């Protein structure tokens with residue numbers, strides 16, 4: 001596979017993860033410039049791990065690290081060495097600047113790479129792997145957990161942040177058909193022997209406020225952007241409409257949750 005073909009595949013995968021048309025990828029950093037934390041609240045994610053942290057733990061992988069919020073918080077709070085990976089180079093640049101601003105540059109490495117490509121050559125094992133707001137990058141979560149666990153020490157942890165369908169949701173009508181119900185989600189997360197040691201359900205009201213604010217910020221950026229890039233007006237409007245619809249269905253059709261898994265069987 002040549003570089004151009006590989007990049008095209010990466011772009012398609014990134015667009016799926018970011019829920020946008022591939023044509024928007026060049027301007028996506030500008031659209032999301034006002035949103036600091038693309039993969040959840042760094043403080044909340046690190047708080048979830050706090051009860052399981054031991055003095056022997058020293059390292060973490062943050063896959064799909066976005067602008068580096070979680071990685072920087074881990075380095076600050078626990079003194080860990082954190083390797084963040086994201087396929088959006090502008091986000092990596094923001095993450096590096098964030099680490100420098102917070103005084104943890106020596107404990108944070110941020111790499112511009114596609115997650116699967118990165119893991120295919122990563123030979124180390126870490127104490128914790130973070131996959132927050134990225135989705136099941138290797139297929140379903142059974143396959144994804146199977147790939148991630150190869151890089152976690154025995155009795156190490158994974159933090160997975162995603163969502164599942166509500167039990168009463170009509171799966172034929174849901175806008176995100178890739179989601180599964182809670183029982184199936186838990187089955188996939190534990191299919192390789194991992195133990196769920198913490199599950200936190202996000203409060204719908206709080207999510208609604210955050211997403212309404214973020215969508216308003218994105219819309220403002222899109223309205224400014226369309227003047228310089230009128231050819232993108234259609235896909236920009238589609239992107240905003242999708243964000244607004246997602247805000248509506250969160251809590252009604254889809255429940256957002258974070259799980260901490262203990263890797264027991266390696």
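Taking residue 75 as meeting all but one of (1) crowded, with 22+ Cβ neighbours inside 10 Å; (2) touching a residue at least 60 places away in the same chain (Cβ under 8 Å); (3) more than 16 Å from the chain's Cα centre (by Cα), write down the number of the exception.
All conditions pass for residue 75, except number (2).
What's the total number of residues in the stretch 239-263 that are in contact (Cβ under 8 Å) with a residue 12 or more places away in the chain and exposed (fewer than 14 other Cβ atoms within 10 Å of the Cβ)? Working first, answer last.
Looking only at the stretch 239-263, we keep the residues that are in contact (Cβ under 8 Å) with a residue 12 or more places away in the chain, and these are 239-240, 242-247, 249-263.
If we keep only those that are exposed (fewer than 14 other Cβ atoms within 10 Å of the Cβ) as well, we get 245, 252.
Adding up the residues that qualify gives 2.
Looking only at the stretch 12-38, count how many residues are closer than 15 Å to residue 137 by Cβ and either at pLDDT below 75 or not in a loop (DSSP other than H, G, I, E, B) (or both). Show your work before the answer.
Pass one, the stretch 12-38, residues closer than 15 Å to residue 137 by Cβ: 12-19.
Imposing the further condition that a residue be either at pLDDT below 75 or not in a loop (DSSP other than H, G, I, E, B) (or both) reduces the set to 12-18.
Qualifying residue count for the region: 7.
What tally of residues in the stretch 33-58 results from selecting those that are farther than 13 Å from residue 128 by Cα and out of contact with any strand residue (DSSP E or B) (no Cβ under 7 Å at 6 or more places or on another chain)?
13
Take the residues in the stretch 117-140 that are under 14 Å from the mean Cα position of the chain (by Cα) and modelled with pLDDT under 95, then tell me which one is surrounded by the most Cβ atoms within 10 Å (Cβ to Cβ).
132
Tell me, yes or no, whether the stretch 130-141 has at least one residue that is in contact with a helix residue (DSSP H, G or I) (Cβ under 9 Å, 6 or more places away or on another chain) and assigned to a helix (DSSP H, G or I).
Yes: one or more hits.
Just the residues that are farther than 20 Å from residue 99 by Cα and crowded, with 18+ Cβ neighbours inside 10 Å, please, taken from the stretch 30-48.
The answer is 31, 48.
Assigned to a loop (DSSP other than H, G, I, E, B) and surrounded by fewer than 23 Cβ atoms within 10 Å (Cβ to Cβ), is that true of residue 146?
Against the criterion (assigned to a loop (DSSP other than H, G, I, E, B) and surrounded by fewer than 23 Cβ atoms within 10 Å (Cβ to Cβ)), residue 146 does not qualify.
For the stretch 222-266, how many residues meet the condition of being outside any loop (DSSP other than H, G, I, E, B) and closer than 27 Å to residue 44 by Cα?
Residues meeting the conditions: 19.
Only one of these is surrounded by 13 or more Cβ atoms within 10 Å (Cβ to Cβ) and either in a strand (DSSP E or B) or touching a helix residue (DSSP H, G or I) at 6+ places or on another chain (Cβ under 8 Å) (or both): 217, 208. Name it.
Details: 217 fails: either in a strand (DSSP E or B) or touching a helix residue (DSSP H, G or I) at 6+ places or on another chain (Cβ under 8 Å) (or both).
Criteria check complete, one pass: 208.
Taking the condition of being surrounded by fewer than 22 Cβ atoms within 10 Å (Cβ to Cβ), within 18 Å of residue 58 (Cβ to Cβ) and more than 15 Å from the chain's Cα centre (by Cα), how many residues in the stretch 81-102 meet it?
Residues in the stretch 81-102 being surrounded by fewer than 22 Cβ atoms within 10 Å (Cβ to Cβ), within 18 Å of residue 58 (Cβ to Cβ) and more than 15 Å from the chain's Cα centre (by Cα): 1 in total.
Of the conditions (1) in contact (Cβ under 8 Å) with a residue 40 or more places away in the chain; (2) over 20 Å from residue 258 (Cβ atoms); (3) touching a strand residue (DSSP E or B) at 6+ places or on another chain (Cβ under 8 Å), residue 61 satisfies every one except a single condition; which number is it?
(2)
The values are calculated or read from the model by the stated rules, or taken from the named source; none is laboratory data. Please read these numbers as outputs of a predicted model, since none were measured by experiment. Note that we place each Cβ from the backbone using ideal geometry, even for glycine, and neighbour counts take in every protein chain shown.
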